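Worksheet: the structure to be examined is printed underneath.
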Amino acid sequence: MQTRTLADLQVGAIGLGTMGMSAFYTGAGTDDDESVRTIHRAIDQGVTLFDTAEAYGPYTNEELLARALGDRRDDVVIATKFGLLRHEEGESTPSTERHITSSPGSVRTALEGSLRRLGTDHIDLYYQHRVDPDVPIEDVIGQLAGFVEEGKIRHIGLSEASAETIRRAHAVHPVTALQSEYSLWTRDPEGDVLDTLRELGIGLVPYSPLGRGFLTGAITKPSDLDSSDFRLANPRFQEEAFATNMRLVEEVRSVADEAGGTPAQVALAWLLAQGDDVVPIPGTKRVTRLDENLGAADLELTSEQIARLSALPAASGDRYPDMSPIGR
């Protein structure tokens, strides 16, 4: 696989998001054996960036990734995140309370826990999962810079941060990557955020690059999802918005027919065409879907096709039921 750089961190052009192996997309259940096979296949195919978080499971996703990597840990870049689980000083059992927090004690506890579960002495890329409005970003980055000096993390990342927050963070210590939702149905990073990243030399790691599976065309109606699937609470999957958003899928499918690829490959190829500093992390637990996604790196879209896709409107509906923690 071709490589790209996030600031000074070199990774494969397409990474692997592992969240769905352990959390949220629950309809099909979990199959750790298949997930392990998928991770092994990804490494064999040149994937180097593997994305997880303490909040996925919670905790079990990091453990699954560590088990799958085994003695190949040094062949990959591990990215994990803190800041969505509250950790109290001196607690003896890991917290499962979801709460945006980057208090110093909580961040330290989160890091030590992730290192232990991942079976490693360092995290390659450590993201603040969401910006904490109660802790100045300068203080958070200052603490992470200390972890860099200790050798416990190699690179610092942010997630869903505003252009202003990115600038303030980068002034304290270089930020390597911003992870934010970005796809044909989520264009939020375009404009100030993406311009700021490029001015400062920071990479962009789009999560949910397939629109939480919507852009693949495999979901044709809300009832296709299991009743426990968190997407059913997503405004974009509600009946009226769903019907509107299917028009996006139809156009992606049309381009796929022209280009000789699948809708998923077209959606990913469009993202890859947005710049060499963009490294999407589509998630899957299945080898077949992994192979399909990685095929996007070899799919060449014409400039006319890219322009057609870029002209599509963003999806109808908010990205989350509650958008208040997003984009601080």
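The values are calculated or read from the model by the stated rules, or taken from the named source; none is laboratory data. Note that the structure is a prediction, hence the values are computed from the model and not measured. As a convention, Cβ positions derive from the backbone with ideal geometry for all residues, glycine included, and neighbour counts pool all protein chains shown.
Here are a few things to note about the model shown:
- Residues that are touching a Ser or Thr at 6+ places or on another chain (Cβ under 7 Å) and either modelled with pLDDT under 95 or in a loop (DSSP other than H, G, I, E, B) (or both), drawn from segment 278-306: Thr284, Lys285, Arg286
- Selection of helices (runs of 4 or more DSSP H) fully inside segment 117-207 by the criterion of at least 1 residues being closer than 25 Å to Glu63 by Cα returns 137-150.
- Tabulated pairs, segment 194-210, first under 14 Å from Val175 (Cα atoms) and in contact (Cβ under 8 Å) with a residue 40 or more places away in the chain, second assigned to a strand (DSSP E or B) and of a type in the set (Phe, Trp, Tyr), C-beta under 9 angstrom, 6+ apart or interchain: Val205/Tyr127
- Conditions (1) out of contact with any helix residue (DSSP H, G or I) (no Cβ under 7 Å at 6 or more places or on another chain); (2) in a helix (DSSP H, G or I); (3) surrounded by fewer than 18 Cβ atoms within 10 Å (Cβ to Cβ): number failed by Thr93: (2)
- All positions within segment 104-120 that are of a type outside the set (Val, Ile, Thr), free of Cβ contacts under 8 Å to residues at least 40 places away in the same chain and within 19 Å of Gly157 (Cβ to Cβ): Pro104, Ser106, Arg108, Glu112, Leu115
- Given (1) surrounded by fewer than 19 Cβ atoms within 10 Å (Cβ to Cβ); (2) within 21 Å of Leu268 (Cβ to Cβ); (3) in contact with a helix residue (DSSP H, G or I) (Cβ under 9 Å, 6 or more places away or on another chain), number of the condition Gly12 does not satisfy: (1)
- Boolean, Asp257 is exposed (fewer than 15 other Cβ atoms within 10 Å of the Cβ), out of contact with any Gly (no Cβ under 8 Å at 6 or more places or on another chain) and closer than 25 Å to Thr176 by Cβ: no
- Inclusion of Val255 among residues that are at pLDDT 95 or above, closer than 21 Å to Glu34 by Cβ and hydrophobic (A, V, I, L, M, F, W, C) is not warranted.
- Contact annotation: residue pairs with Cβ atoms under 9 Å, 6 or more positions apart or on different chains, pairing a residue in segment 218-230 that is among the β-branched types (Val, Ile, Thr) with a partner that is surrounded by 13 or more Cβ atoms within 10 Å (Cβ to Cβ) and part of a loop (DSSP other than H, G, I, E, B), are Ile219/Arg212; Ile219/Gly213; Ile219/Leu225.
- Looking at Ala66, Ala79, just one residue is in contact (Cβ under 8 Å) with a residue 12 or more places away in the chain, under 28 Å from Pro282 (Cβ atoms) and assigned to a strand (DSSP E or B), and that residue is Ala79.
- Checking Val193 against (1) in contact with a strand residue (DSSP E or B) (Cβ under 9 Å, 6 or more places away or on another chain); (2) within 22 Å of Glu250 (Cβ to Cβ); (3) not aromatic (Phe, Trp, Tyr), the condition it does not meet: (2)
- Any hit, segment 203-224, residues being on the phi > 0 side of the Ramachandran plot, at pLDDT below 95 and among the basic types (Lys, Arg): yes
- Unique match (being more than 18 Å from Arg198 (Cα to Cα) and not hydrophobic (A, V, I, L, M, F, W, C)) among Glu149, Glu164, Glu181: Glu149
- Residue match in segment 232-243 (condition: part of a helix (DSSP H, G or I) and within 17 Å of the chain's Cα centre (by Cα)): no
- Of all residues in segment 163-179, exactly one satisfies the criterion of being touching a helix residue (DSSP H, G or I) at 6+ places or on another chain (Cβ under 7 Å) and among the polar types (S, T, N, Q), namely Thr165.
- Residues of segment 28-63 that are farther than 19 Å from Lys152 by Cα, of a type in the set (S, T, N, Q) and in a loop (DSSP other than H, G, I, E, B): Thr30, Gln45, Thr48.
- The set of residues from segment 6-27 being of a type outside the set (A, V, I, L, M) and assigned to a loop (DSSP other than H, G, I, E, B) comprises Asp8, Gly15, Thr18, Ser22, Phe24, Tyr25, Thr26, Gly27.
- Residue within segment 265-282 that is among the small types (Gly, Ala, Ser), buried (at least 21 other Cβ atoms within 10 Å of the Cβ) and farther than 25 Å from Phe24 by Cα present: yes
- Complete set of residues in segment 237-259 that are over 13 Å from Lys221 (Cβ atoms) and charged (D, E, K, R): Arg247, Glu250, Glu251, Arg253, Asp257, Glu258
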